[in-house]
Amino acid sequence: MSDVQPALAFPPVEDQLKVILRGVEKVVPEEELARKLAKSRETGRPLRIKYGIDPTGIDVHLGHTVPLRKLRQFQELGHQAVLIIGNFTAMVGDPSGRDQARAKRLSAEEVEANATDYLKQVGKVIDLSKTEIHRNGEWFSKMTFADILTLCSKVTVAQLLTRDDFAKRYASQSPIFLHECLYPVMQAWDSVEIKSDIELGGTEQLYSFMLARDLQRDQQLEQQLGVMSPILVGLDGKRRMGKSLGNYIGIAESPLAMMKKFMQIPDEVMPMYFELLTNIPLDEVQQLLAGHPKLAKQRLAREVIAQYHTSTAGDEAIQQWEAEVSAGALPADIEQVTIEASVVSNGTVTAAILFKQAGLCPTTSDARRLISQGGAYFGDDLQVISSHDQAIPITNGLLLKAGKKRYARLNLPS
RNA sequence: GGCGGAGUUCCCGAGCGGUCAAAGGGGCCAGACUGUAAAUCUGGUGGCUAUGCCUUCACAGGUUCGAAUCCUGUUUCCGCCA
């Protein structure tokens, strides 16, 4: 696995560039990329492509797959993927793109469990058997305080504060803790340790990537390039895809669940999704986008679903979606709920209480609101409930519907 | 350490000692429309055994018939000074 590959193993530089630059927002410094690739091809030495993550308990979603897919593409071109598990940086918490400090610090055990879980997930995107994996505790745990001071002496506070996320927090009167300032420094040092040629990440990583170059030069190493992907926007089409914003599509989700979410994205983000999440040639994408948006969206969903499920899962999901959402059929997986026997009186339950008990509304007040707005339905013929105190006759398997999408089926209390 | 400013409901943000569950915007929810979405229009958005009751305006006390609004202490943030 450490065999030096013959020069011919690498495709021509132009071909490599075509693959590498798809969906990439920025390469810095751009002019070095072709040079690096050419040199690698001449010498037969694969480039070392770094990608780092913090094992903070991530459900990998499509936003994460953007740089991971890029890493995969480098692997397919014959380069060496180097994955950094930031078990030490996780103790700090990445301030990038955050408007507040991470709330809790993780224990070593949690971090290790998260790392294992994470690797299992990313194995769907990159080829782990050809990936070099490091935990940055390998080097950080051995550093002395003197080492750390030396490292810190390379960075000025003014530089740190130019980072967009710090600047924003500073401006909005949010705290910035000292240890957070070390985060980019640590991340940059990882690049020194593993001698990276290219680092992948989002555009918000620019500062860290450049700092890594400084530190590498300082150690007489070849300097890395930053290959930065745009931030994938979430289902709302505005903000970055993220778990906390609830606007993400997880790669472990069922085909139908993914399908539903894909169909919800605004039309405007389709070009970005096609470019970043699929390998469909861009001229074909243009044709798709020129056609009906619904068909284009279905095609997009099908492609992505097939990547994380079986090759036919995408088509099946389209059919299910058409039946359920488009034609209005009931979903296949309606949740079965049981209510407390105490709320049943003469075989009926007050409507508002029923919806709360069925878990369709978080509070009675919320259920009352829903009903007063005409968004509560019951029975297989989905009769509208007109009043919060309407007595609903209870039968086994009674169908309840809240709003457009939420359903529940009743189990009689024993 | 000193002085000054600030901390409001999911977020931003307005709030005269009573008429404040608290303006406005965002987000979200529901209804109409639809191609799935967006846009647009309408309504809603603390809780409850519900036309009344209870709990909220950093935290803990206090003044008052009455406090988000006044006072004291604590705490966090920001600014200036040291």
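Brief remarks on what is shown
- Virtual spin-label span in nm between A:Asn411 and A:Ile280, 7 Å along Cα→Cβ: 4.2 nm
- Distance violations [Cα-Cα > 27 Å] among A:Lys124/A:Lys260; A:Lys195/A:Lys243; A:Lys238/A:Lys405; A:Lys260/A:Lys401; A:Lys18/A:Lys260; A:Lys297/A:Lys405: A:Lys195/A:Lys243; A:Lys18/A:Lys260
- Computed extension gain for A:Asp15 through A:Glu138, at 0.36 nm per residue and net of the alpha carbon distance, reaches 40.7 nm.
- Three-way shape label, chain A, alpha-carbon gyration tensor, a/c 1.5: prolate
- In summary, the aspartates and glutamates within cross-link reach of A:Lys356, defined as a Cα separation below 14 angstrom excluding same-chain residues under 8 places away, comprise A:Glu340, A:Asp366, A:Asp389.
- Which of A:Ser372, A:Gly226, A:Ala290, positive extreme of dipole for chain A (C-beta unit charges): A:Ser372
- For the residue pairs A:Lys36/A:Lys294; A:Lys39/A:Lys154; A:Lys39/A:Lys70, the alpha carbons lie more than 32 Å apart in A:Lys36/A:Lys294.
- Per-residue ellipticity at 222 nm from helix content only, as computed over chain A with -39500 (n - 2.57) for each DSSP H run of at least four residues, stands at -12500 deg cm²/dmol.
- Size of electric dipole in segment A:310-368: Cβ of Lys, Arg +1 and of Asp, Glu -1, about Cα centre, debye, nearest 20: 440 debye
- Gyration tensor (alpha-carbon) shape descriptor, segment A:346-406, a/c threshold 1.5: rounded
- For A:Arg135, residues with placed amide H under 5 Å, excluding near neighbours: A:Ile85
- Overall shape: prolate for segment A:297-352, with the ratio a/c of the largest to smallest alpha carbon gyration tensor axis at 1.5 or above and a/b above b/c.
- Within chain A: Cβ-based charge dipole about Cα centre, in debye rounded to nearest 20 (Lys, Arg +1; Asp, Glu -1): 540 debye
- Extension gain, A:Glu25 back to A:Asp333 (0.36 nm per residue minus Cα-Cα distance, nm): 106.9 nm
- Residue-wise HN-Hα coupling along segment A:391-402, computed from phi with Karplus coefficients 6.51, -1.76, 1.60 (Hz; x: Gly, Pro): 8, 9, x, 8, 10, 5, x, 4, 8, 10, 9, 10
- Close amide-amide hydrogen proximity is noted between A:Gln383 and A:Phe378, each under 5 Å apart and 5 or more residues distant or on a separate chain (H modeled in the peptide plane; Pro and chain starts excluded).
- Amide H to amide H, with H built 1.01 Å from N, A:Thr350 comes under 5 Å of A:Ile392, counting only residues 5 or more places away or on other chains.
- Bridges between two residues of chain A, per DSSP, are antiparallel at a rate of about 45%.
- Calculated from backbone phi, Karplus (6.51, -1.76, 1.60) coupling profile of segment A:197-205 in Hz, x at Gly/Pro: 9, 9, 10, 9, x, x, 5, 6, 8
Since every read-out is calculated from the coordinates, none of them should be taken as a lab result. For clarity, every value in this text was computed on a predicted model and none was experimentally measured. Ideal geometry is used to build each Cβ from the backbone, glycine not excepted, and the neighbour counts take in all protein chains shown.
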